[in-house]
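All remarks here apply to the structure that follows.
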Amino acid sequence: MKKIAYKNWALFILWIAFFLQQGTRQIFSATLPQIQNSFHVSKTQIGVVATVFTLLYGICVPFAGIAADIFKRKWMIVIGVGVFSFGIFFSGFASGVGVLLIAYSILNGCGQSFYYPSSTSIIGQLHKESRATAFATLQYGLYAGIVSVSAIAGWCADQGADGWRMPFWIFGGVGLFWVLILIFFLKDTPPAASAATSQEKATPGEALKAIFSKPTAICVMLGLTMMIYVDFGFKTWMPTFLQEHFHCSLAKAAFTAVLWHYLGAFVGVMAGAHFADKFVKKHHGVRLTTGVIGLAGGIPFIIAMAYAPSLTLCAAAMALFGFFRGIYDSNLFAALFDVVDARYHASATGVVLAMAFVLGSASPTVIGWMFDHMEMTFSVASLSVFYLLGALILLTARLLFIKRDYCA
């Protein structure tokens with residue numbers, strides 16, 4: 001297989017794995033009201049399931065990233081997809097919150113941590129000249145997975161009291177099948193090496209130094225933390241908000257909560273990637289600029305979707321919120337890789353995701369508690385504060401650090 005053909009084939013099979021990874025996360029949110037009723041627990045208690053998942057992912061992902069820079073990245077991906085798919089499948093048999101914590105939060109969270117650092121490292125290596133566009137294409141897997149799986153999960157949940165179990169079984173099974181595709185068709189692409197140490201393996205200490213010696217990388221990490229807090233709060237609780245606030249069916253709420261947001265993101269992510277790839281050689285800070293625009297631009301539409309007087313206006317606000325979220329997503333890891341040596345890309349991805357997920361993991365529980373004790377509209381609107389903080393952090397990196405830190 002020719003090199004140019006294989007890099008696109010690798011992107012495709014990793015895209016499907018990412019589709020499953022991100023889509024299966026949304027099964028829980030899409031069926032959350034029915035799971036809550038089945039287990040007879042409060043919103044705060046059920047929110048803990050999503051928080052523990054996020055926290056476990058954050059704890060495990062730096063080790064997965066460092067391992068990917070030391071061991072074979074193909075097998076990190078295979079192990080990760082296998083473990084999280086089994087966790088999703090087993091979640092369908094949960095009889096209470098305790099079992100769901102083991103299957104969904106622990107197995108799923110730990111397994112998913114092994115996928116992203118290795119896959120983005122391989123893609124970044126194979127698509128060096130069109131990195132932002134390749135990452136934007138991968139990002140479509142996130143959008144398509146969340147929308148498609150949400151729609152199917154919501155429909156299944158409306159079929160009966162135990163309908164929420166079916167999508168866990170379906171997509172968990174598909175994920176276990178895709179492990180075989182990865183084993184037989186994904187090549188073990190050797191990690192990139194810097195000129196100075198062409199054959200040496202990266203060490204954890206070197207990787208951490210490469211990341212934390214760059215203020216820009218730290219700012220990217222903190223900006224992602226703010227975005228993750230908003231993202232998990234939004235994805236976990238927006239279906240419930242639409243169902244209770246606008247009296248939608250579970251299927252309609254699950255689908256509407258993600259459809260318009262990710263349609264907007266679909267447009268935004270390619271626009272941001274195109275823009276950055278065109279100007280990055282002349283303006284090294286352009287990837288950070290798109291991040292600032294994405295977070296700052298989303299602020300008014302988070303507030304608008306919370307206080308919209310109708311479902312139609314809420315959907316329009318979610319679409320515009322999604323458009324700016326897509327602009328931010330388009331250059332997130334491309335911006336990180338611009339300031340971190342290629343040998344440490346997987347480690348950098350793991351460390352950045354770890355800090356962002358650990359610090360942002362409280363969101364599902366906090367928003368669940370706010371839903372139990374405050375107005376739902378205010379609870380959703382409060383997410384805008386974290387987008388503002390993220391935009392200010394990235395703006396600081398753009399103005400003060402990028403010229404010194406740039407090394408791509």
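Points worth noting:
- Filter pass, D341 being closer than 30 Å to R73 by Cα, of a type in the set (D, E, K, R) and in contact (Cβ under 8 Å) with a residue 12 or more places away in the chain: yes
So that you can scan it fast, the table gives a plain yes or no per residue for (1) among the acidic types (D, E); (2) touching a residue at least 40 places away in the same chain (Cβ under 8 Å); (3) surrounded by 24 or more Cβ atoms within 10 Å (Cβ to Cβ):
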residue: I302; (1), (2), (3): no, yes, yes
residue: A308; (1), (2), (3): no, no, no
residue: F337; (1), (2), (3): no, yes, yes
residue: A348; (1), (2), (3): no, yes, yes
residue: W369; (1), (2), (3): no, yes, no
residue: F386; (1), (2), (3): no, yes, no
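- Selection status of I70, touching a Lys or Arg at 6+ places or on another chain (Cβ under 9 Å) and over 20 Å from A157 (Cβ atoms): yes
- Only residues that are of a type in the set (V, I, T) and farther than 20 Å from V174 by Cβ were counted in the range 48-104, giving 12.
- Test: residue in the range 357-366 that is modelled with pLDDT of 90 or more, farther than 21 Å from L138 by Cβ and touching a Leu at 6+ places or on another chain (Cβ under 7 Å): no
- Test for I327: is it touching a Phe, Trp or Tyr at 6+ places or on another chain (Cβ under 9 Å), under 19 Å from L389 (Cα atoms) and modelled with pLDDT under 95: yes
- As a summary of the residue check, G172 satisfies the conditions (1) crowded, with 19+ Cβ neighbours inside 10 Å; (2) assigned to a loop (DSSP other than H, G, I, E, B) except for the one numbered (2).
- Here V41 clears all of (1) part of a helix (DSSP H, G or I); (2) over 24 Å from S118 (Cβ atoms) except the condition numbered (1).
- Looking across the range 182-191 at every residue that is touching a residue at least 12 places away in the same chain (Cβ under 8 Å) and surrounded by fewer than 14 Cβ atoms within 10 Å (Cβ to Cβ), the one that is farthest from I13 (Cα to Cα) is identified as D188.
- Residues that are of a type outside the set (S, T, Y), at pLDDT 90 or above and more than 19 Å from the chain's Cα centre (by Cα) number at least 1 in the following helices (runs of 4 or more DSSP H) confined to the range 50-158: 73-91, 97-100, 131-157.
- Selection within the range 213-233 - in a helix (DSSP H, G or I) and farther than 24 Å from Q26 by Cβ: P215, T216, A217, I218, C219, V220, M221, L222
- Only listed residue being assigned to a helix (DSSP H, G or I), more than 18 Å from the chain's Cα centre (by Cα) and polar (S, T, N, Q), chosen from T396, T349: T396
- Total residues in the range 315-335, condition over 30 Å from T216 (Cβ atoms) and surrounded by 24 or more Cβ atoms within 10 Å (Cβ to Cβ): 1
- M355 vs. criteria farther than 17 Å from R325 by Cβ and free of Cβ contacts under 8 Å to residues at least 60 places away in the same chain: no
- Of the residues I102, I88, I70, the single one that is surrounded by fewer than 19 Cβ atoms within 10 Å (Cβ to Cβ), closer than 30 Å to N37 by Cβ and not small (G, A, S) is I102.
- Matching option when the condition is in a helix (DSSP H, G or I) and closer than 24 Å to S105 by Cβ, among T236, T312, T256, T290: T236
- Exactly one residue among L242, L180 is in a helix (DSSP H, G or I), touching a Cys at 6+ places or on another chain (Cβ under 9 Å) and modelled with pLDDT of 80 or more, and that residue is L242.
- Within the range 1-30, the set of residues being among the hydroxyl-bearing types (S, T, Y), modelled with pLDDT under 90 and surrounded by 17 or more Cβ atoms within 10 Å (Cβ to Cβ) comprises S29 only.
The values are calculated or read from the model by the stated rules, or taken from the named source; none is laboratory data. A quick note: this is a predicted structure, and the numbers were derived from the prediction, not measured. Reconstructed Cβ throughout: ideal geometry from the backbone, glycine too, with neighbour counts over all protein chains shown.
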